[in-house]
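The values are calculated or read from the model by the stated rules, or taken from the named source; none is laboratory data. Source: prediction; values computed, not measured. Using ideal geometry, Cβ is built from the backbone for each residue, glycine included, and neighbour counts are taken over all protein chains shown.
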Amino acid sequence: MFETDRLILRPLDKNDVDAIYRMRSDADVMRFIREPQNRRESTDWVKLVSSRWAIERIGFCAMLEKLSGVFVGWCGIWRLKETGELEIGYAVAKEFWGRGLASEAAHAFLNYAFDELNQEKIVAVARPENAASRRVMEKLGMSLMGTGTFYEQILVQYAITKEEYARNRKTSRA
């Protein structure tokens, strides 16, 4: 579906359940997302986040390392239940932390959201103490909008408009 310098991003499918289960059952990976999940919950999650591609052209993708084909995480766009806005989300397997892969994948999805889906704004949410996720949002050019209740948790919300993103892209190319 997408390709970046280091990643191939393709919609999640049933063949990814084992890799998703490994990540979603890892307490360190899930520390800021939710409680670790069992295999059935991971299978159901893959079905859910894959179900919207045909209808809304949104969902989550497997992040595969381009050179090795190894599964390194997931990234994508989903509809924020509380507001209906499109949000960008990502998670990276622990052994791949600190390499900038979440930012790289998220940039591809921002391009997709603004260029292909013609969205005017994209949001992201995270627990306030999740410094790594907040750093990704800031690298994407997103601005802190405030704190609110999302996914039954108190989370910070960041956002970026199509215009802001285009301006950032233009500046980074100069």
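Within this structure, Gln157 passes the test of being assigned to a strand (DSSP E or B), among the polar types (S, T, N, Q) and at pLDDT 95 or above. The residues of the range 56-92 that are within 27 Å of Gly148 (Cα to Cα) and assigned to a loop (DSSP other than H, G, I, E, B), listed by number, are Arg57, Ile58, Leu80, Lys81, Glu82, Thr83, Gly84, Glu85. Among residues of the range 79-102 being within 17 Å of Lys162 (Cα to Cα) and within 9 Å of the chain's Cα centre (by Cα), the one that is surrounded by the fewest Cβ atoms within 10 Å (Cβ to Cβ) is Glu87. Search the range 143-174 for residues being among the polar types (S, T, N, Q) and in contact (Cβ under 8 Å) with a residue 24 or more places away in the chain, and hand back the single one that is farthest from Leu86 (Cα to Cα). Looking at residues that are among the polar types (S, T, N, Q) and in contact (Cβ under 8 Å) with a residue 24 or more places away in the chain, I get Asn168. Do we find a residue being among the β-branched types (Val, Ile, Thr), farther than 16 Å from Phe2 by Cβ and loosely packed, with under 15 Cβ neighbours inside 10 Å anywhere in the range 130-153? Yes, there is a match, as at least one residue in the range 130-153 is among the β-branched types (Val, Ile, Thr), farther than 16 Å from Phe2 by Cβ and loosely packed, with under 15 Cβ neighbours inside 10 Å.
Candidates in the range 36-73 are the residues that are among the aromatic types (Phe, Trp, Tyr) and out of contact with any Asp or Glu (no Cβ under 7 Å at 6 or more places or on another chain); of these, the one that is surrounded by the most Cβ atoms within 10 Å (Cβ to Cβ) is Phe60.
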